[in-house]
Amino acid sequence: MSAVLVFVDQPSAHGGAAALPQSTQELLALARAVGEPVVVLAGPLSGEVLTALGAHGASRIYQCEQSELFEYLVAPKADFLTHVAAQLQPAAVLLENSAECKEIAARVGIALSAGVISDAVGLDAGLNVQKSVLAGSYTVTARATTATAVITVKPHSVHAEEAAVPALPEVEVVSVIFGPASLAARIIDRTGKPASGRPELTEARIVVAGGRGMEGNFGPVEELADVLGAAVGASRAATDAGWIEHSAQVGQTGKTVSPQLYISAGISGAIQQKSGMQTSKVIVAVNRDAESPVFDIADFGIVGDLFTVLPQATEEIKRRKG
């Protein structure tokens, strides 16, 4: 069985189930389906992380926590992943579809002379990749013609579940020599994101999102999200206007979400937004314009003033929760 590398960026370890992000679980599920899952771990390896990786089928772990991985931009991480890939000659290398991982994938592809495919939503045993294109309007099939394929996978494209038989991963600590070019850009400062008490947007079971119709006031969206235990999302128009941070953007140039419930408030539902949330299980739309495209994809639609509808929903939920 050919090795399939799964790159995991774990700058800090957290105990319990949270030690393994949902995106990593999905990548490991995909790797199990097409080959032998081998984890390339940038960061510390706690007992909880080791157990979680084994539970999801990782047979081997190549670990490195050299300071250069976290003190510089992505080049050292790409060097680390390339080092392991060159040694193992895997059939595929799987990464998240984030901006940072896409850059790592590109650098690894150049170093290995390997084909790179981004925005994947599926992968079969023959390494044929289902790829989402044109803002999610079409799914095409692509295949790298090189011995190794480097693939970034969109979140929530694969059902994540533990392996039927947990593995006992072998661990090998890797030492990498980084060239001067990889250490050309140092990170000199980090600013932590303020804790909101809400779940991570890409992993939330419920998302309440606001758009241009919020007119700069995200209070009703945040209040409804808090009573539901939901994450707060936004359209590009809202983030570009500065009403909410860009990390909340859902859509083609933002984050992809696939919650059990997605509440869209004051968002038109154009293709930019649709591509990031159309796989949500239930979509509820609130908009004053009855002709808004969002109603074409919504399971339930409310034509009305969101500044009336959302507070009413919040109060009713509070009442029922007692």
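The values are calculated or read from the model by the stated rules, or taken from the named source; none is laboratory data. Only a predicted model underlies this, so the values are computations on that prediction, with no experimental measurement involved. All Cβ positions, glycine included, derive from the backbone under ideal geometry; neighbour counts span all protein chains shown.
Brief remarks follow.
- Test: residue in segment 221-241 that is over 30 Å from D79 (Cα atoms), of a type outside the set (A, V, I, L, M) and in contact (Cβ under 8 Å) with a residue 40 or more places away in the chain: yes
- Which listed residue, of P169, P194, is farther than 20 Å from V284 by Cβ, outside the structural domain of L306 (by TED's automatic domain parsing), at pLDDT 95 or above and of a type outside the set (A, V, I, L, M, F, W, C): P169
- Residues being touching a helix residue (DSSP H, G or I) at 6+ places or on another chain (Cβ under 9 Å), surrounded by fewer than 22 Cβ atoms within 10 Å (Cβ to Cβ) and not acidic (D, E) - total across segment 64-77: 7
- Taken together, V93, V129, V153, V158 contain a single residue that is in contact with a Gly (Cβ under 8 Å, 6 or more places away or on another chain) and under 18 Å from A3 (Cβ atoms), which is V129.
- Taken together, the criteria place L94 among residues that are touching a residue at least 60 places away in the same chain (Cβ under 8 Å), under 18 Å from P155 (Cβ atoms) and within 21 Å of the chain's Cα centre (by Cα).
- Applying the criterion of being of a type outside the set (G, A, S) and outside any loop (DSSP other than H, G, I, E, B) to the residues of segment 181-199, the residue that is farthest from the chain's Cα centre (by Cα) is L183.
- The listed residues are A135, A86, and the only one of them that is small (G, A, S), touching a helix residue (DSSP H, G or I) at 6+ places or on another chain (Cβ under 8 Å) and at pLDDT below 95 turns out to be A135.
- Against the test of being small (G, A, S), touching a strand residue (DSSP E or B) at 6+ places or on another chain (Cβ under 9 Å) and either without any contact (Cβ under 8 Å) to a residue 40 or more places away in the chain or surrounded by 13 or more Cβ atoms within 10 Å (Cβ to Cβ) (or both), the options A144, A164, A160 yield a single qualifying residue, A144.
- Criterion applied to A106, A99, A120 was being of a type in the set (A, V, I, L, M) and at pLDDT 95 or above, and the one residue passing it is A106.
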